Amino acid sequence: MAIASWNSRFLTGIEIIDCQHEALFETVNTLADAVKLNNASPRVAGYLEVLARQTQEHFTTEELFLTESRNRQLRSHLEEHRALHAKLLELQTKHAQGGLVSADVALFFAEWFAHHIAEVDMVNGGTNWKPGATPGA
């Protein structure tokens, strides 16, 4: 059963952002499944790595949109991004040193992304991020 449920309330109308958001939800669900099977598994480390990479790529894309649209909430938005990225790096280090990753970790990410997209991205103009060029294009 998925712990992160993607739905239309998360749509910004910006294809690259929406695709990245949906992919993050899928990876969180895959991480949750791996943790349930064996939280010490190398697969968990792999999914944490995928989540860290996807998150960094997404934050870079989103931050370009925020910067180009001269979003007034850019600084606080960036702070949230940095805090989550630091949390991911901390978990990767913990897991690499033999620490276990609990199912609560996947739930934390599911809730963080749902809140961030619906309450921060959308409130901070997610549907108005219309820069001159699509980042990465």
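Read the figures in this text as sums done on the coordinates, not as results from a lab. Values in this document were obtained by computation on a predicted structure and should not be read as measured data. Positions of Cβ are generated from backbone atoms using ideal geometry, with glycine treated the same way; all protein chains shown enter the neighbour counts.
Numbers at a glance
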{"item": "Placed amide H near ILE14: partners under 5 Å, 5+ positions off or other chain", "result": "none"}
{"item": "Tilt relative to the chain, helix 42-68 - C-alpha long axis, 0 to 90 degrees, to 10", "result": "10 degrees"}
{"item": "Nearest 10 degrees, 0 to 90: helix 103-115 Cα axis against the chain principal axis", "result": "10 degrees"}
{"item": "Helix-only mean residue ellipticity at 222 nm for the chain, each DSSP H run of n ≥ 4 adding -39500 (n - 2.57), per residue, nearest 500", "result": "-22000 deg cm²/dmol"}
{"item": "For segment 22-85, with +1 on Lys and Arg beta carbons and -1 on Asp and Glu, the positive-most of LEU84, VAL44, THR60 along the dipole", "result": "LEU84"}
{"item": "Cut-off 12 Å between beta-carbons: net charge of the residues surrounding ASN39, Lys and Arg +1, Asp and Glu -1", "result": "+1"}
{"item": "For the chain: relative contact order, % (alpha-carbon pairs under 8 angstrom, 6 or more apart)", "result": "38 percent"}
{"item": "Those residues of segment 78-114 whose amide nitrogen sits under 12 Å from the label point placed on ALA40, 7 Å along Cα→Cβ", "result": "98-101"}
